[in-house]
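Notes for the one structure printed next.
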Amino acid sequence: MVDDPARTATTAAIDFDAVLVATPPRFGPADALTIAEQTFGLHAATARDLGSERDQSFLLLDADERPTAVLKVSNVAEDPATLDMEARAVLHAARVDPTLPLAIPWRAPKAGDSDDPAGRRAAIDGADGPHQVRLYDVLPGRQRTDPLTLSDTALAGWGETTARLGRALRGFFHPRAQRTMLWDVQHATRTRAFVDTIRDAHQRELVTRVLDRFEVTVAPKWPSLRAQVVHGDLTTDNALTDAAGRIIGIVDFGDMSHSALVVDLVSALDSLVTDRDDPFRVARLVIDGYQRVTLLEPIELRLMGELLAARSAVTIAISSWRSSHGLEDAGFAERYNATAARTIEAILAVGWDDLGRRFGADATPEPDRALRDRRARVMGPALEPLTYEHPIHVAEASGVWMTDTTGRRFLDAYNNVPCVGHAHPRVTAAIARQARRINTNMRYLHGTAIELAERLVATCPPGLDTVMFVNSGSEANDLAWRLATTFTVHRGGLCNAFAYHGISDAIAPLSPETWPGGRRPEHVETWPAPDRYRGRDQQPDGFTAAVERLAARGIAPAAVILDGVLTSDGFAEAESSYVAELVRRTHAAGGLWIADEVQGGHGRTGSAMWSFQRFGIVPDLVTLGKPMGNGHPIGAVITRREIAARFAAETVFFSTFGGNPVSAAAALAVLDVLDDERVLERVNDAGEQLRGAIRDVATRHPVLGDTRGPGLAIGIEVVVDPVAKIPDPALAGAIKEGMRERGVLVGTCGAAGNVIKVRPPLAFTAAEVPIFAAALEEALVALRR
C-alpha cells in the first residue's frame with residue numbers, strides 16, 4: 001500500500017476509522033467495465049461514475065443503455081472483515097423484514113452456493129494497493145432526492161422505513177460494529193480537532209457552540225440510550241425514492257456501527273429538515289412515522305434536537321477537514337455545509353430549553369403561579385379549587401408516590417382513581433399496546449370488552465348477568481337511574497344526606513354534597529347516615545320516613561343509591577342487617593337498589609371485590625367508575641337481564657367510547673393485577689395496620705376522636721372536644737395542610753368537613769404505614785404548639 005501523507009499526518013493525532021483518511025479510488029469508467037468482468041463475470045457496455053465520499057460507485061449499462069448492476073470499489077483502507085459485516089447485516093435485515101428494499105451484494109462466481117460473506121466481494125490491485133469490489137442489483141428509484149419536494153405523507157414514510165430498518169437490525173451484532181465512525185454523533189466531540197479547518201468563521205462558531213453543548217448535556221446521558229447496530233447514514237444520499245418520495249431502495253451500509261438506536265433517525269432528519277420554513281414541523285412528521293413502528297423513549301425525544309444539532313455540526317466539521325486535506329473535491333465535500341449551518345441556527349433560535357418540546361418531548365414545567373393564573377383564566381370559577389393552600393404541581397407518579405416538578409416525592413394516601421397504583425406497568429402497557437393496534441367502538445366485534453364483561457359478571461352474585469359500558473362513574477350512575485326509572489316506571493330517588501354520585505343532569509340531584517344552597521330536588525329524598533361514634537343507632541326509621549315524604553308528594557321510588565363505604569358521609573359505618581333491611585324496604589316500595597361501587601369497589605374494603613358484598617345483599621344494579629381503568633376513563637353498569645331487556649324495549653343504548661378496546665384493555669389489566677398481586681389480602685393487612693397506627697397517634701392527640709372504615713377506606717374524625725364530639729373542620733383542614741407539608745397527601749370529607757379522608761391507591765402497603773403515622777403525628781404536634 002502506498003502511504004498517503006495527509007492520512008499519515010492526521011491519524012497520528014486522531015484515532016478513528018481509517019476509511020475517512022484514505023484517498024478514494026481513482027478508477028475510470030473503462031476500468032470499471034474491466035473490473036466487473038474480471039471479478040463477477042459481468043459484461044457491460046458502459047459505466048457511469050455515481051460519485052461517492054470515500055469509495056467509487058459505477059452504474060453499469062448494457063448496449064441498449066439499460067442498467068444491469070452497480071459496481072462499488074472500496075478504498076484501500078477498508079477492512080474486508082468490515083465489508084463482510086455489512087453483508088451479514090443486510091442479509092440479516094432481509095430475513096427479518098423481507099419487504100425492506102435493501103441493496104444486497106451479489107455472490108462472486110468463486111463463492112458458488114456458499115453463505116460465507118467473503119464470497120460477496122472480490123479483490124483487485126490498484127496503483128495505491130488492493131481494493132475490495134462488490135456488485136449490486138440496480139434498485140429502482142431516484143437518487144439524491146430533493147427533500148424540499150417530499151410531501152408530508154412521504155416524510156412520515158421516511159420515519160416509518162427508518163424505524164423498520166432499526167427493528168430489522170436489532171437482533172444483529174458483529175465485532176466489527178465496535179468502530180469509531182465520525183459520522184456517528186456519539187463521537188461528535190472528536191471532531192473538535194477539525195474546527196480550525198472550517199473556513200467560514202460563522203460556521204466555525206456555530207459548530208463550537210454545538211460541540212460545547214453536546215459535551216455538557218448529551219455525552220453524560222449517552223450511556224442510557226438504547227443501543228444496537230445501526231445503518232448510520234440513512235440520508236437522501238443513501239436512499240432511492242419513487243415518484244411520491246417514498247423510500248424504495250436503501251443502499252450503502254458503509255457507516256454501520258454499534259450506536260444509539262436514534263442515530264439513524266437523526267441522520268434522516270439531518271437531510272430532511274434542511275432549508276425548511278418550519279424544520280420542527282417536518283421533524284415531528286418524520287418522528288410520527290417512526291413511532292408507528294417503534295415508540296421513542298422520553299430521553300430520546302428530549303435529546304433529539306441536541307443530536308440533530310450535533311449531526312449538523314459533524315457534517316460541517318468532517319467535510320471541511322476532508323476538503324482541507326484534499327481527500328475530496330471542496331465543492332462536493334462541503335455541499336451541505338450551508339444548509340447544516342441553517343439547521344443549527346434554527347435550533348439555536350428556539351433555545352436549548354424549549355428544544356425537546358419541538359420534537360415531541362414533554363414541555364418544561366412553567367412556574368406554578370403562571371400555571372395557576374392560566375388555569376383560572378380559561379377554566380373559570382365553577383371548577384373545584386386546587387387542593388392545598390400550596391397546590392402540588394405534579395410531574396409524575398408511580399405506585400403510591402407522586403413527584404412534583406421540583407423532584408419532591410409525596411406519599412399519596414388520597415387518590416383512589418389509580419386503583420392498583422399510579423402508572424402500573426401492566427396497565428400502562430395494556431393501554432399503549434391496544435392503542436397502537438386499534439381503538440374503535442362496540443358497533444364492531446372485538447373480544448376485549450366481551451372478556452371484560454364476562455369477568456365482571458363472574459365477580460358478582462348470580463342474577464347480575466348483564467354489563468353495559470360507559471366512560472365514567474357519573475355516566476354509570478346516570479345509566480343506572482335511566483334503567484331504574486324505565487323498569488319501575490317511577491321517578492323518585494333516595495340517597496344519603498351528604499352523598500355524592502355524579503355530575504350529570506339526572507344524577508346530580510342524587511348528590512346532595514353539591515346541592516346549590518341546600519335546595520332539595522322535588523323528586524329526591526335523603527336519609528341520615530348512621531353515626532356509631534355519636535350513638536346514632538342503625539335503625540331504618542329515617543329511611544322509611546324519607547320514603548313516606550316522597551309518597552306524600554305522590555312520588556314512588558325508582559331507585560335507592562348507596563356508596564358502600566359512605567365516603568362523602570365521612571366513611572360512616574353501616575351494619576349488614578341495617579343495609580339488608582333498607583334493601584328489603586326499597587323493594588317493598590317498588591324501587592331498585594343501586595350499589596355505587598365507584599368509591600368502594602375493586603377491592604378497596606379488602607373483604608371482597610365489591611363493597612356491597614360485605615353487607616350480604618344482592619343489588620339490582622352495580623355501578624363502576626374511577627378505579628376501573630386505573631385512571632383511564634371507563635365505567636360500567638352490571639344488572640339483571642330483565643332490567644336491561646325492559647330498557648331495550650323502549651330505547652337503544654350506545655356509547656361511542658363505552659367499552660372501547662383501549663379502555664377495556666386497561667380494565668382487564670386492573671383485574672389481572674388485583675388477582676396476581678393478591679391485592680385484597682394486601683389491603684386487609686395494610687388497612688388493619690394503618691388504623692392501628694392512627695389510633696396509636698390518637699392516644700396522644702384526643703382531637704382525633706374516631707378512626708373508622710374498612711380496608712383502605714379510612715376516615716379520621718377530628719373534633720374540638722372528644723367528650724362533646726363537636727366537629728372541628730378548621731383543624732381537619734389544618735391537619736391536611738400539615739401532612740402535605742410533611743410529604744403525605746390526604747383529603748377531607750363528611751357533612752361538616754371534619755373527617756380526614758384516607759383513600760390511597762391499593763398499592764399502599766404496611767411499609768408506608770410508619771411514614772403516614774409520622775406525618776400525622778408531626779402535623780398535630782406542630783399545630784398544638
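The values are calculated or read from the model by the stated rules, or taken from the named source; none is laboratory data. The structure displayed is predicted, hence computed values, not measured ones. Glycine gets a Cβ as well: all are built from the backbone with ideal geometry, and neighbour counts include every protein chain shown. Side chains included, ligands, DNA and RNA excluded: accessible areas come from the protein's heavy atoms. Shrake-Rupley method; radii C 1.70, N 1.55, O 1.52, S 1.80 Å.
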Complete set of residues in the stretch 603-644 that are open to solvent by 10 Å² or more (accessible area, probe 1.4 Å), modelled with pLDDT of 95 or more and small (Gly, Ala, Ser): Ala608, Gly616, Ala644
Candidates Phe487, Phe469, Phe571 - the one that is at pLDDT 95 or above, at positive phi, touching a strand residue (DSSP E or B) at 6+ places or on another chain (Cβ under 9 Å) and not small (Gly, Ala, Ser): Phe571
Among residues of the stretch 53-83, those that are closer than 24 Å to Val21 by Cβ and free of Cβ contacts under 8 Å to residues at least 40 places away in the same chain, counted: 3
Residue check for Val216: out of contact with any helix residue (DSSP H, G or I) (no Cβ under 7 Å at 6 or more places or on another chain) and not hydroxyl-bearing (Ser, Thr, Tyr): yes
Unmet criterion (only one of (1) surrounded by fewer than 20 Cβ atoms within 10 Å (Cβ to Cβ); (2) modelled with pLDDT of 95 or more; (3) under 30 Å from Gly750 (Cβ atoms)) for Trp481: (1)
Residue among Thr153, Thr180, Thr99 that is modelled with pLDDT of 90 or more, hydroxyl-bearing (Ser, Thr, Tyr), open to solvent by 20 Å² or more (accessible area, probe 1.4 Å) and in a loop (DSSP other than H, G, I, E, B): Thr99
Number of positions in the stretch 319-353 that are at pLDDT 90 or above and under 40 Å from the mean Cα position of the chain (by Cα): 17
Residue count, the stretch 314-362 (criterion: over 17 Å from Ala201 (Cβ atoms) and in a loop (DSSP other than H, G, I, E, B)): 12
Residue among Ala558, Ala551 that is of a type in the set (A, V, I, L, M, F, W, C) and buried (at least 22 other Cβ atoms within 10 Å of the Cβ): Ala558
Some residue of the stretch 484-500 being in a loop (DSSP other than H, G, I, E, B) and of a type in the set (Gly, Ala, Ser): yes
Residue within the stretch 725-746 that is β-branched (Val, Ile, Thr), touching a Gly at 6+ places or on another chain (Cβ under 6 Å) and either surrounded by fewer than 21 Cβ atoms within 10 Å (Cβ to Cβ) or not in a helix (DSSP H, G or I) (or both) present: no
Search result, residues across the stretch 442-466 that are within 33 Å of the chain's Cα centre (by Cα), touching a residue at least 12 places away in the same chain (Cβ under 8 Å), open to solvent by 30 Å² or more (accessible area, probe 1.4 Å) and under 20 Å from Arg641 (Cβ atoms): Met442, Glu451, Arg455, Val457, Thr459
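For (1) under 21 Å from Leu150 (Cβ atoms); (2) open to solvent by 10 Å² or more (accessible area, probe 1.4 Å); (3) assigned to a helix (DSSP H, G or I), each residue gets a yes or a no:
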| residue | (1), (2), (3) |
| --- | --- |
| Asp237 | yes, yes, no |
| Ala244 | yes, yes, no |
| Gly249 | yes, no, no |
| Ser259 | no, no, no |
| Asp264 | yes, no, yes |
| Asp277 | yes, yes, no |
Candidate set: the stretch 106-147, residues that are over 21 Å from Pro25 (Cα atoms) and of a type in the set (S, T, N, Q); chosen: the one surrounded by the most Cβ atoms within 10 Å (Cβ to Cβ): Thr145
Considering residues of the stretch 654-685 that are within 24 Å of the chain's Cα centre (by Cα) and assigned to a loop (DSSP other than H, G, I, E, B) only, the residue farthest from Val637 (Cα to Cα): Glu677
Test: Arg164 is open to solvent by 80 Å² or more (accessible area, probe 1.4 Å) and in contact (Cβ under 8 Å) with a residue 12 or more places away in the chain: no
Residue within the stretch 360-381 that is more than 30 Å from Ile316 (Cβ to Cβ) and among the hydroxyl-bearing types (Ser, Thr, Tyr) present: no
Pairs with Cβ under 8 Å, 6+ apart, first in the stretch 507-535 and on the phi > 0 side of the Ramachandran plot and open to solvent by less than 30 Å² (accessible area, probe 1.4 Å), second part of a loop (DSSP other than H, G, I, E, B) and at pLDDT 95 or above: none
From Ala94, Ala87, Ala44, Ala36, residue being in contact with a strand residue (DSSP E or B) (Cβ under 6 Å, 6 or more places away or on another chain), open to solvent by less than 20 Å² (accessible area, probe 1.4 Å) and closer than 29 Å to Arg170 by Cα: Ala87
